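All remarks here apply to the structure that follows.
The values are calculated or read from the model by the stated rules, or taken from the named source; none is laboratory data. Keep in mind that what you see is a predicted model, and the values were worked out from it rather than measured. Cβ sites come from the backbone with ideal geometry, for glycine too, and all protein chains shown count toward neighbours. These accessible areas exclude ligands, DNA and RNA; they are computed on the full protein's heavy atoms, side chains included. Shrake-Rupley method; radii C 1.70, N 1.55, O 1.52, S 1.80 Å.
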Amino acid sequence: MNTPSNVDSAEIEKFSQLAHRWWDKDSEFKPLHAINPIRLDWIKSHVSVSDREVLDIGCGGGILSESLAQSGARVTGIDLSIKALRVAKLHALEVGAKSVAYEEISAEDLALKRPESFDVVTCMEMLEHVPNPASVVEACARLAKPGGWIFLSTINRNLQSFLMAIVGAEYILNMLPKGTHEYAKFIRPSELLAFCNDAGLVEADLKGLHFNPLTQRYWLDQKTQVNYFLALQKRPS
Ligand code: SAH
């Protein structure tokens with residue numbers, strides 16, 4: 001395989017180091033487990049995934065991929081952490097999730113091999129870990145079928161997101177390991193929308209994800225200052 005260029009190997013190493021704990025709901029991955037039902041419902045509120053071809057980019061240990069497969073989708077999960085993919089494959093075997101396959105390939109390389117192949121493309125909590133997020137968004141657009149759906153999530157860049165996503169989550173609440181996120185890699189919704197626009201994707205929904213540490217509850221609303229979800233559609237051909 002060619003060495004993919006749009007990858008930060010230190011980022012991949014961070015996730016690989018923790019990969020064995022991916023399915024431990026009390027581990028560093030607790031937040032991903034906690035938000036998964038919310039993001040799955042949000043995706044399904046826009047498009048039925050049953051019997052659809054779904055691609056999950058930066059799938060890690062497969063929390064979202066597997067839940068999409070359990071919702072009836074045929075899922076391909078891709079990532080560049082071999083260890084995370086190994087965990088994802090083992091877990092799918094353990095729970096008997098048959099309609100999910102995992103592959104070590106970058107979004108850009110898969111877009112060359114399988115353009116316009118997917119009804120739904122998800123890329124969640126991943127864009128803030130790559131050197132060139134616009135290139136991943138462009139690959140998402142190329143991988144989707146005309147009229148297909150793309151679901152992205154990442155973290156906004158401002159004082160509030162710095163205080164909540166880095167100081168709060170990593171240093172005060174210890175929800176995430178220190179160094180999980182780098183402020184400079186956070187992406188403003190306006191920046192992400194510009195990448196999407198350049199790639200021919202049309203905005204369908206933008207929502208903010210919120211967490212109350214006292215109740216441990218997550219919810220979606222219109223405020224996008226910290227974590228946010230963006231749904232888009234590729235123009236029909
Ligand atoms: N999307 C999953 C996992 C998020 S963690 C979820 O939300 O449940 C971020 C993942 O992105 C990790 O598994 C990491 O290995 C992966 N990643 C980081 N850079 C990547 C790249 N350039 N290409 C593919 N995957 C990448």
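Worth pointing out:
- Residues of region 84-109 satisfying the condition of being more than 8 Å from the ligand (Cβ to nearest atom), open to solvent by less than 30 Å² (accessible area, probe 1.4 Å) and hydroxyl-bearing (S, T, Y): Y102
- Flag for S81 being within 9 Å of the ligand (Cβ to nearest atom) and over 19 Å from A231 (Cα atoms): yes
- The condition of being among the hydrophobic types (A, V, I, L, M, F, W, C), over 28 Å from S27 (Cβ atoms) and open to solvent by less than 50 Å² (accessible area, probe 1.4 Å) holds for only one of A194, A204, that being A194.
- Looking across A10, A69, A34, A19, one residue alone is away from the ligand (no atom under 13 Å from the Cβ) and either on the phi < 0 side of the Ramachandran plot or part of a helix (DSSP H, G or I) (or both). It is A69.
- Top-ranked residue in region 110-140 [being crowded, with 16+ Cβ neighbours inside 10 Å and out of contact with any Asp or Glu (no Cβ under 9 Å at 6 or more places or on another chain); ranked as farthest from F15 (Cα to Cα)]: C140
- So A184, is it surrounded by fewer than 20 Cβ atoms within 10 Å (Cβ to Cβ) and either touching a helix residue (DSSP H, G or I) at 6+ places or on another chain (Cβ under 6 Å) or modelled with pLDDT under 95 (or both): no
- Single condition G148 does not satisfy, out of (1) surrounded by fewer than 20 Cβ atoms within 10 Å (Cβ to Cβ); (2) in contact (Cβ under 8 Å) with a residue 60 or more places away in the chain; (3) not in a helix (DSSP H, G or I): (1)
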